[in-house]
Structures are given as structure tokens and as C-alpha cells.
Amino acid sequence: MPKVNQKERTIILTKEITRGIEKLNLPYSTLKGALDIAEELLGKKIGKKFSPKVFAAAILYTACLEDSHPILMKEICKAIGLNKKEQRKSMEVYSMIAQKIRKVLKPSMNKYIERLIDSLGLNDNVKTKALQIIENAKQRGLTSGRNPISIAAAAIYIAAKKLKISITQKEIASKAHITEVTLRNRYKELLRIIEGKDKFTTKKRLITPLS
């Protein structure tokens with residue numbers, strides 16, 4: 001890409017951020033937060049060596065987390081149109097921002113459950129049950145150090161099974177942007193907790209046992 005001056009770079013970056021916001025249907029507060037972060041970073045001469053798309057994805061992800069919006073980097077990269085190499089780079093840039101510029105707290109697991117429930121079209125009963133399962137898991141320390149979206153996905157899967165709502169692992173994993181293997185692993189861990197405390201011990205109650 002040909003060299004551009006600071007003003008041109010700001011314009012290009014703003015366009016990329018705005019495009020990502022529009023495609024993901026994110027609120028104005030997230031757009032404002034992203035533009036504020038971009039202004040701060042550009043003012044510190046950070047980002048010159050990164051492509052505007054990669055830089056925009058990292059900034060937008062940071063803004064979403066600061067806004068407590070439970071979105072995944074993969075979703076942002078897809079909206080902005082990054083390839084796999086650029087996706088990895090954008091995550092590196094985000095890590096740099098989080099470590100050197102801003103302290104970013106990820107949204108609560110409850111937020112991820114609410115978002116997944118909405119995207120899967122499931123009802124409030126499933127959400128309530130999934131939140132109970134998560135609370136149980138938190139008390140036993142299962143959620144520490146694990147990807148919150150994978151735990152949330154597993155809780156929803158178990159909740160749906162308990163309420164006899166038909167949904168596949170593939171459907172949930174796809175919406176959560178995780179593999180079915182990851183979902184199965186988190187499912188088994190959560191299920192062990194439930195078996196010990198929620199009396200959900202009869203495997204026959206699961207429509208199909210998992211291998």
C-alpha cells in the first residue's frame with residue numbers, strides 16, 4: 001500500500017471502523033469509543049506499521065470490550081474482510097493495545113449467554129437455566145482461565161437438553177464461533193458439576209449421548 005500521511009490514514013481508519021460498526025449493527029456508543037481509541041493511538045504514533053484494516057479490527061474489538069459488548073474478534077475480522085494472517089495480526093495488535101495503552105475487561109459470561117440465546121432464537125427459560133448453570137460453575141471455579149464463549153455455549157446446550165428443546169451442537173458451535181470438539185469438552189465438564197449438585201444424573205435424559 002502506498003505511503004499516506006496522518007490525515008489520510010485517519011480518514012481510511014475511520015471508514016474501516018465505521019464500516020465494521022454498520023455491518024455488525026453495533027451501537028453509536030461503540031463507534032464513539034472506537035474513534036476515541038483511534039485518535040489516542042494515532043496521536044501516540046501507534047499503528048503506522050499496521051494496515052488500516054488490521055488496525056481497525058483491533059480498535060473495534062477493544063471498543064466493544066470497553067462497551068461490554070460480547071462480540072468475538074472473528075466476527076469483527078469477518079465484517080472488515082480480513083484473511084487468516086491479518087486476523088492473527090489484528091489479535092496481536094489488540095493485545096498490544098490492552099497491555100500498553102488501555103486496561104480492557106472482557107464482558108461477563110452472562111453477556112455471552114444473552115447474546116447467544118438471541119442469535120439462536122431460544123427463549124427466556126433456556127437463558128434462565130443456562131445462567132443458573134454458569135453460576136454453579138463459577139462457584140466451583142470451572143470458569144477461571146477458560147474461554148467465556150465456550151462455557152456459555154456449553155451451558156446453553158445443557159439447558160436446552162434439560163428443557164427438552166431440540167438444538168444441535170453444530171448449531172450452537174457455529175453461532176459461538178467455536179469447534180464442536182471444544183463445545184463437547186466444556187459440556188462434559190459442566191455436566192459433571194450438574195450431576196453432583198443438580199441431580200441431573202440419568203444419561204437417558206440426554207437425547208443422544210456424546211462420544
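Do any residues in region 89-110 that are open to solvent by less than 30 Å² (accessible area, probe 1.4 Å) and β-branched (Val, Ile, Thr) have Cβ atoms under 7 Å from those of residues that are outside any loop (DSSP other than H, G, I, E, B) and at pLDDT 90 or above, where the two are at least six apart or on different chains, and which pairs are they?
Every condition considered, the pairs that remain are VAL93/VAL54; VAL93/PHE55; VAL93/ALA58; ILE97/ALA58; ILE97/THR62; VAL104/THR62.
Which residue out of LEU13, LEU42, LEU26 is at pLDDT 85 or above, open to solvent by less than 60 Å² (accessible area, probe 1.4 Å), in a helix (DSSP H, G or I) and of a type in the set (A, V, I, L, M)?
LEU13
Restricting the search to region 29-39, which residues are surrounded by fewer than 18 Cβ atoms within 10 Å (Cβ to Cβ) and within 16 Å of ASP67 (Cβ to Cβ)?
SER29, LYS32, ASP36
In this structure, is MET73 farther than 24 Å from ALA152 by Cβ, open to solvent by less than 50 Å² (accessible area, probe 1.4 Å) and touching a helix residue (DSSP H, G or I) at 6+ places or on another chain (Cβ under 9 Å)?
Working: farther than 24 Å from ALA152 by Cβ: no; open to solvent by less than 50 Å² (accessible area, probe 1.4 Å): yes; touching a helix residue (DSSP H, G or I) at 6+ places or on another chain (Cβ under 9 Å): yes.
No: the conditions fail for MET73.
Determine which member of the set THR202, THR208, THR168, THR182 is of a type in the set (S, T, N, Q), open to solvent by 60 Å² or more (accessible area, probe 1.4 Å) and modelled with pLDDT of 80 or more. Give the steps one after another, and end with the answer.
Working: THR202 fails: modelled with pLDDT of 80 or more; THR208 fails: modelled with pLDDT of 80 or more; THR182 fails: open to solvent by 60 Å² or more (accessible area, probe 1.4 Å).
Matching residue, one of THR202, THR208, THR168, THR182: THR168.
Any idea which of SER90, SER68 is of a type in the set (S, T, N, Q) and assigned to a helix (DSSP H, G or I)?
Numbers: SER68 fails: assigned to a helix (DSSP H, G or I).
From the options SER90, SER68, the qualifying one is SER90.
I'd like to verify a number: residues in region 93-122 that are in a loop (DSSP other than H, G, I, E, B) and small (Gly, Ala, Ser), how many?
2
For region 85-134, give me each residue that is in contact with a Cys (Cβ under 9 Å, 6 or more places away or on another chain) and polar (S, T, N, Q).
GLN87, SER90 - these are the residues of region 85-134 that are in contact with a Cys (Cβ under 9 Å, 6 or more places away or on another chain) and polar (S, T, N, Q).
The values are calculated or read from the model by the stated rules, or taken from the named source; none is laboratory data. Just so you know, these numbers come straight off a predicted model, no measurement behind them. We place every Cβ from the backbone using ideal geometry, glycine too, and count neighbours over all the protein chains shown. For accessibility, only protein heavy atoms count, side chains too; no ligands or nucleic acids. Shrake-Rupley method; radii C 1.70, N 1.55, O 1.52, S 1.80 Å.
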